[in-house]
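A.B. asks: Below is one structure. I have some questions about it.
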Ligand code: NAD
Ligand code: DAU
């Protein structure tokens, strides 16, 4: 592997992976392909913008001509696909772009690998494809049972990856990560949304009773897991990347308020998300057994550092919270908060 195409590399986890890979592997060339949707942000890539082993290309993974041209121009021999529509609430409002990017886009990338003989395809998936689990932990060979349009489209993309491995013999791997958090996280997702709203003393709209459980993984641990699977994963295999760090949403909200020294009265219980999965939980046994990977960043430290990052980097998130963001905020929360 020499020239790696990182799709979705201007988003939250993709950009963390690019920053990590550019530093760790100066012998590789990292080419980012990103459409720069509302969630894509070149500010996330400022730390690497002048590095000689980094290049940026704007484009859509569902545009076969652009994908093939970029792969040929940069002599790409591996693709790591982070590109996706990634927010569950937006998929409930309008799933169209989710099908286009998370299913058709994945197919276009796989087809480029097949046609151009690209050796590796690593696909970033999510623990949401398993659906909700009340007790215990999902393992990689458990059935997929997605419950919302986002997770259904991610499951569709995954199945296409599987099909290209079985049918065409492509060297594919998949990781299913749990809820990831850290700096540069778009402020529509629970942690960055609540942190930035609380900084401004604005209401925190907690869905339902707030006892839903998510398994939080620090973004650097997520990137390290992807790196290991990219280099050592067996063809056709799927690996869970869990945080081993389950918390109820209400507990996360309390911790954020405590770190910021803000009152709990900011919490507003609002109408629940339709089809809201109660608990995500996955087992890391496979990755631990094969490659000795486990998440090793202590949660308290990581959450505190993350909150501090948003306090110190208002320049990054204040410009995001305008225009389209405010329209989305109004649609998603206007009525919910008015009825709270
Ligand atoms: P994000 O929304 O922050 O970033 C997505 C990126 O993809 C953006 O830069 C966007 O511009 C780009 N993109 C969207 N459509 C595109 C297209 N058609 N062509 C090219 N680029 C396109 O997402 P994220 O939170 O960083 O998630 C990255 C990946 O990780 C996604 O595949 C997501 O499903 C998966 N994932 C996320 C989490 C999480 O908690 N954030 C957990 C597990 C898995
Ligand atoms: O589990 C992995 C998934 O985690 C990823 O695949 C997705 O891309 C990512 O967005 C995330 O999905 P969630 O739906 O779990 O994340 P979100 O931050 O939207 O919500 C986390 C929890 O917080 C969830 O139970 C819903 C709740 N929530 C969220 C928001 C935005 C609220 O109570 N209020 C809110 O305003």
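Since every read-out is calculated from the coordinates, none of them should be taken as a lab result. What you see is a predicted model; the values in this text were computed from it and never measured. We place every Cβ from the backbone using ideal geometry, glycine too, and count neighbours over all the protein chains shown.
A.B. asks: To test your reading of the geometry: what angle, between 0 and 90 degrees and rounded to tens, separates the Cα axis of helix 219-232 from the longest principal axis of the chain?
C.D. replies: 20
A.B. asks: Restricting to Cα pairs below 8 Å that are 6+ residues apart, what does the relative contact order work out to for the chain? Please round to a whole percent. Mind dumping the intermediate values first?
C.D. replies: Numbers: 632 pairs, mean separation 55.8, N = 340.
16 percent.
A.B. asks: Follow-up question, since we're still on this one. Between 0 and 90 degrees, rounded to the nearest ten: what's the tilt of helix 106-116 against the longest Cα principal axis of the chain?
C.D. replies: For 106-116 against the chain, the angle is about 20 degrees.
A.B. asks: Determine the distance separating the Cα centre of the stretch 258-272 from the Cα centre of the stretch 281-309; give it in Å without decimals.
C.D. replies: Spelled out, the Cα-based centre of one part sits 26 Å from the other.
A.B. asks: Still on this model: What nm distance separates the two modelled labels at residue 251 and residue 142, each placed 7 Å from Cα along Cα→Cβ?
C.D. replies: 1.8
A.B. asks: What is the angle, in °, between the Cα long axis of helix 149-168 and the longest principal axis of the Cα atoms in the chain? Nearest 10 is fine, range 0 to 90.
C.D. replies: Roughly 20 degrees between the two axes.
A.B. asks: Here's a follow-up. How long is the gain from residue 25 to residue 69 if the chain were fully straight, where each residue apart is worth 0.36 nm and the alpha carbon distance is subtracted?
C.D. replies: Working: separation 44, 0.36 × 44 = 15.84 nm, distance 2.45 nm.
Stretched out fully, the residue 25 to residue 69 stretch lengthens by 13.4 nm.
A.B. asks: Which order do 195, 307 fall in if you start with the one that has the fewest other Cβ atoms within 10 Å? Mind dumping the intermediate values first?
C.D. replies: Details: 195 26, 307 22.
So the ranking, lowest neighbour count to highest, is 307, 195.
A.B. asks: Another question, if that's okay. Can you give me the Rg/Rh ratio for the chain, using Cα atoms for both radii and the Kirkwood formula for Rh?
C.D. replies: Values: Rg = 19.2 Å, Rh = 20.3 Å.
Rounded to two decimals, Rg over Rh is 0.95.
A.B. asks: Moving on. Normalized C-alpha radius of gyration of the stretch 255-304, against 2.2 N^0.38 Å? Can you show the working numbers first?
C.D. replies: Details: Rg = 17.0 Å, N = 50, 2.2 N^0.38 = 9.7 Å.
Ratio of Cα Rg to 2.2 N^0.38 Å: 1.75.
A.B. asks: If packing is taken as the mean number of other Cβ atoms within 10 Å per residue, what is the order of 279-286, 66-73, 309-316, highest first?
C.D. replies: Order by mean packing, descending: 279-286, 66-73, 309-316.
A.B. asks: At a Förster radius of 22 Å, what calculated FRET efficiency corresponds to the Cβ-Cβ distance of residue 55 and residue 100, to the nearest 0.05? It would help to have the intermediate numbers written out before the result.
C.D. replies: Values: r = 25 Å, r/R0 = 1.14.
Calculated value: 0.30.
A.B. asks: How many angstrom lie between the C-alpha centres of the stretch 179-215 and the stretch 13-56?
C.D. replies: With the stretch 179-215 and the stretch 13-56 each reduced to a Cα centre, they are spaced 25 Å.
A.B. asks: Given labels modelled 7 Å from the Cα in the Cβ direction, how far is it in nm from residue 162 to residue 92?
C.D. replies: Here the answer is 2.7 nm between the modelled labels.
A.B. asks: Can you figure out the FRET efficiency of residue 115 with residue 273, using R₀ = 35 Å and their beta-carbon distance, to the nearest 0.05? Could the numbers behind the result be given before it?
C.D. replies: Working: r = 40 Å, r/R0 = 1.14.
The formula returns an efficiency of 0.30 here.
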